[in-house]
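These notes are about the structure you will find just below.
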Amino acid sequence: MLFVLFILISILITNSSFAQEITSPEVVGISQESKGLVLSKSEGLVIKGSQSIAFSLKSLSGSKEGYAPGTTQAREETLRINISGTADDTEIEANIYRTTATGVTQIGEENEDISIRLRRANTELYLGDFTAELTETEFARLDKVLSGARVKGDYGNWGFSALYSSPKGEGKDKKFYGDGTQGPYNLDFTPVVIDSERVSVDGRLNKRGDDYTIDYQAGSVTFLNKVIDAKSVIQIYYDYRQTVYSHATYGLRAFSKPIPNLKLAFTYLDDSDNLSGAAEIRSSMSQEAIDPQSHSVIGFDGTYISEYLTLNAELAASNRDLNLLSVSSTKELGKAAKLHFTSALGAWGVEGLFKKVDPNFVAIAEVDPKQDVWEYAGALSYRPNPLFGTQTRYYSQRYLQTGVLYENVDKNAKAILTPEGLPSLEYVFSEFEESNDPVTGASIKRVITKNSVETIYQRGFIATSLKGAVEEWLNRSPSEEVTDYKRINFGLATVGFEKVTFSSNIGLEDRQEPAGLKPYRRTYDLKLSVSPTKHYFLSSAFSLVDDSQEGQTNVTNLAYKAEPTDFFKTDGKYAITSVIEEFPTTGEAVSKQTGSFSFDLRPARYLRFRYLYKPNFTQIMRTQTLSYNNEKQQVEVNIIPVKYAVLGAIYKLGRTYNIYKYDFPNYQVKENSNDTDSVLYTIKTAPLPMLSTEYNYFQENSYANTLTTTQEPYLYSRGRGIRRQVDTLIKTSLSEQLSIDSRYTFEKLDQGSGEALSDVLDTKSHALSVKFIWNQSSFWTFSVSSAYTRLTDYILNQVTYTFSPGFGIIYRLGESLRVDFEYTYSKSFAGQETERNNYTLRTKYAVSEFVDLILRAQQEISRAPDYRLTDIVGNVEIKL
Amino acid sequence: MRYLFLIFALLLSSNSVFAMGEIPSTPKLITPEAEFGRTFGLPGSGDAQFYYPHDVDLGLIGDMKTGLNNLFITDTGNNRVQRLDEDGGYVYQFGSFGSENGKFNAPVGIAVDFNFRIYVSEKDNDRVQLFDIQGNFLREVATSEYGYKTIDDPSGLAVDSLGNLYIADSGNDRVLKFSDTGDFLGVVGSFGYGAGFFDRPADVAVDRDNYVYVADTYNHRIQKLDYDGQPVMMFGSFGSGPGELSFPQGIAVDNLFVYVADTGNNRVQLFDKQGKFLLMAGGLNMPTGISLGSGGLVYIVDSGNHRIQELKVSY
């Protein structure tokens, strides 16, 4: 099918006579003028789409620390193409949707959806993958993903729809309860045909992307914005990609409108296995045999619509042969009928429904049909004016499904009041009585009663919302049990105030369980912020979650910003979280406190002082001791003697420790601590456009203690380290074409244990690198680089020299193409010599305004130690 | 092989479009126009409610599942990220207050990359976290020390066409660059006033040619850097007139225009790629983030009004 589409695309593109009519709808040239931008635009064939391809390959032969040997590949692609246009009065529209993934599990391995639509006047031909969408009737319906052809015609007074297809999979239906999570919930058969799933929760159809996601390959459904509690029924219809016998689906629906208000229609559907080769297939089945079957449905329906009455009636018959290979009759005939009407007489509305289905009637592609159905319903509504409306409905249903008789009664009523300028009010009552568990079929005799009220009001600067619900679940069988829920949600906020914002949300849920338990969950959210002028801002927030089963958590948050003068500003935030934290022995109430404060003082344009303070600790409320502390302070001074130079000094302090959590009940013994202080001096200059320099001196001292005995007397091992570094960077642009970047770094590392300073690590290194860059033209840039490192390890008494020459080439073609290639050879001389070759290739090719190709390839070949590491990452982006 | 055919066909088609574009046509002098559209959100902590949101980014590729045309918003005051569909309908949220993985303390910057991953920066946890498109925590990014400094008050984020991540490391007055696999690639800038120096840069954007635009907030200007981080040009100065800026905190860029959230002036301004002022749209309250949708739609985080404001730009 892809090939067919490719041919179509090629024809569309290469046909010169057609191409003359085709012009891009988008920008084709831009130039800057004195006013605005100059564009030229044209109209014509529209090619739209997007392609995202990401692939990566990582391969290691030999061994290298931190890498697993072998080859790993991953590729993800999503392709959408839409081509639409008109030729010879025929509208053409082609679509491709394709996702493939290898080496990853998030998406199905391969999914394709290809279609071509040709439309002339009122007739439409559709080739490719489509959803049947014969959904106007209940009994002769087909709403399955198919692959084949469909023709539709609508000529005003009459029309038709015919389809021929091979199904993309076999239908399956799964019904189950939630488990109190968002999933994933696994389907039994995979892979699932893309777009074939219909997911509903408690009868409400969910929307992919909004309500759930599905992994078509793994066959798992994950809900997005809610957990599915154990009382909610999830029902998922889906096709999985396997059919035993050769299979075809035919369909024809024709309608006529003898008068404008009346539509009469006829539908014939056939969904049968092919007998060719069926006997051999069946005899080859080693496990449970599946017989080839035929299934057809014929239906008649009519709809009458007038100002006062809408009437819909259906008659249908199904004919199934359960075993086409059987010599004896295995046919089943069934009939179904339905009458549904609604009537509107002034303010009054009436609805009636009667439905009767034979035990042997089965609709096409219905996996788990309801049979021997008897349904009736009546509804009455009254809406005398736009401000008030009310409605009541009674519905009774009896049916047989997988041998279980279900009897359900649903009663509901609703009243709504929407006065202009006043709060809207909605009241809903519902009572649902069911005889059997909808999933297991077990007899339960359950009645669910719900009452809810919601009001929303926005006036001036105030917006409020309030929703309250009371719910009762009554189980009469096997024993009588009642569970009551009470829920209230309230929101109040100011809207549009510049200086003050207030918002609050309260959620209350109380539950009374049959065993007498009364679990509850309460959430309170309160926020207030004030900004009297643009220079001051103060904000406070309080959030409390009180869950009888999970405990209480509250967060208090304070934040401010102040700029009292042009040369001083400060901002800060402090948050306190109170929560129960599990310790090895007990659960302890703790207060987690974090803060961030910044003070910025600029007494003159050439001078800046900054002070930062970031406390972060956890306090055990019972002992009033800290179980964790991580405190940071920083002082920074910047001097800007001239516009293009800055001198900086930063002094940092860090204090961190954890207590030994087995030290119950005192919690005063530290398990480890790590204190650091560091200083950084920086000079950065850019005195000329051709020259920039940077000089850094950095020194960090660290002190660590680690608990080594867990019994008194507690002993610690001590550690100490000093890191000193001097860094010089010089970037020079000798001309527009030639520049030199150079860097020298000296580093001294000392690490010791106990009182010693350098018995663990004692190294000194010098590193010098130079890079010459020659911008030969706007197309070419060449670079030559060299690096030299001398590392002295005083503990091993070993000196390592590393020499790393290299070169690079950059090619640019306007803004559309850029290719970077770099090669570095690195050889070290030491106790163990190493030798490496590094190749890096990066390309970005904007093939057009719409197509970018990006490739990054990197290879490291080492002779000592012996390994080869290859890393290739690519992206193709096509935006039409 | 079929797939290669398709790519080839697409290349042909795009070249055809180019070729056809060379047919002489009458140039049209245009000036962009803008009109405010819908607003999404009310103050609060409920679904699709916000409290001082800071930044927004759009899913520009993929499908509904992977967030095509969905808005990903850092709801800073509620310490969470919310995802809305293109009509402002609530899709999901993730995150709550805290410092553990997957939690937030003042999430500010957000960027969705082409692999359907979400980067979120947090001002008060001084970190950038990476999530999958469902909001599942993947890992932290930029966890080490770069140029003797750890990340401090990270703010705006951007992803270029190579998948590289740019972080406005606001507290350190610089911009950091990382590869799509999290490797550190480079640093540009330090505190100062000259070209290539920044003063608390709040946001960063990258165009399709990989030029980097930095909202140099406390210098009240925009700086444009090339792919290697060298300053190319800068525009804007402190003030409230056309083309002048006051504490710009958000920036977005497309093939034609540079969109600036001119926070202190409560407006959005449009410039061309050479920094020439084109238009402004005011009446906002502390706009901080800005992102571009399809069809000329611009989404502005109208932070002080706790909502997302849609702006339609036509030309």
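So the values come out like this:
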item	result
Centroid-to-centroid separation of region A:688-726 and region B:154-225 [C-alpha atoms, Å]	29 Å
C-alpha center-to-center spacing [region A:548-575, region B:80-139] in angstrom	21 Å
Proportion of all alpha-carbon pairs of chain B beyond 26 Å (%)	44 percent
Long-range tail of P(r) for region B:138-220 (Cα pairs > 18 Å, %)	36 percent
Under 21 Å from residue A:175, Cα to Cα: lysines that are on another chain or at least 8 residues apart	A:144, A:207, A:226, A:231, A:370, A:445
Protein accessible area in region B:60-149, 1.4 Å probe - carbon and sulfur %	45 percent
Solvent-accessible surface (1.4 angstrom probe) belonging to residue A:470, in square angstrom, nearest 10	70 Å²
Using alpha carbons only: equivalent-ellipsoid semi-axes of chain A, gyration tensor based, whole Å	64, 43, 32
Distance histogram for region A:504-545 (every C-alpha pair counted, 10 angstrom bins, percent rounded to whole numbers)	24, 29, 22, 14, 8, 3
Region A:367-426: projected area of the alpha-carbon convex hull, averaged over directions, in nm²	5.9 nm²
Most positive-pole-ward Cα, A:734, A:810, A:464, against dipole of chain A from beta carbon charges	A:734
Threshold 40 Å² - residues in region A:482-530 whose accessible area is reduced by that much or more when the chain is no longer isolated, probe 1.4 Å	A:501, A:505, A:527
Helix A:2-14 axis, angle to chain A major axis (alpha carbon atoms, nearest 10°)	80 degrees
Residue B:38-residue A:702 FRET efficiency (beta carbon distance; Förster radius 56 Å; 0.05 resolution)	0.55
Estimated distance in nm for a label pair at residue A:290 and residue A:548, the labels positioned 7 Å out from Cα along Cα-to-Cβ	5.0 nm
Accessible area buried, both sides summed, chains B and A with 1.4 Å probe, Å²	8900 Å²
Solvent-accessible heavy-atom area per residue, rounded to whole Å², over chain A at 1.4 Å	51 Å²
Reachable lysines, given that their alpha-carbon falls under 22 Å from the alpha-carbon of residue A:527 and they are not under 8 places away in the same chain	A:467, A:499, A:561, A:573, A:592, B:103, B:123
Translational diffusion of region A:709-829, µm² s⁻¹ [Kirkwood Rh, Cα pairs; Stokes-Einstein; 37 °C; 0.692 mPa s]	185 µm²/s
Cα lying deepest toward the dipole's positive end in region B:151-289, options B:283, B:236, B:255, charges on Cβ	B:283
Apportionment of accessible area to carbon and sulfur, region A:521-596, percent (1.4 Å)	59 percent
Dipole magnitude of region B:144-249 about its Cα centre (Cβ charges: Lys, Arg +1; Asp, Glu -1), debye to nearest 20	180 debye
Neighbour cut-off at most 11 other Cβ (10 Å), DSSP loop, trypsin sites (Lys or Arg not before Pro), region A:325-386	none
For chain A, size of Cβ-based charge dipole, Lys and Arg +1, Asp and Glu -1, in debye	2660 debye
Cβ-placed point charges (K, R +1; D, E -1), dipole of region A:781-833 about Cα centre in debye, nearest 20	100 debye
Cα-based reach from residue A:844 at 24 Å (exclusive), listing lysines while leaving out same-chain residues under 8 positions away	A:48, A:58, A:771, A:879, B:177, B:224, B:273
Average beta-carbon neighbours from other chains, 10 Å sphere, peptide B:43-53	6
For region A:183-224 and region A:786-815, distance of Cα centres in Å	53 Å
Alpha-carbon Rg with Dmax, taken over region A:542-681, Å	19.9, 63
Protein accessible area in region B:170-315, 1.4 Å probe - carbon and sulfur %	50 percent
Along chain A, longest interval not containing exposed GluC sites (Glu not before Pro), exposed being DSSP loop plus at most 10 other Cβ atoms within 10 Å	A:481-735
Average beta-carbon neighbours from other chains, 10 Å sphere, peptide A:694-704	1
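The values are calculated or read from the model by the stated rules, or taken from the named source; none is laboratory data. This is a predicted model, so every value here is computed, not measured. Virtual Cβ from ideal backbone geometry, glycine too; neighbours counted across all protein chains shown. Note: accessible area is taken over every heavy atom of the protein model, side chains too, but ligands, DNA and RNA are not part of it. Shrake-Rupley method; radii C 1.70, N 1.55, O 1.52, S 1.80 Å.
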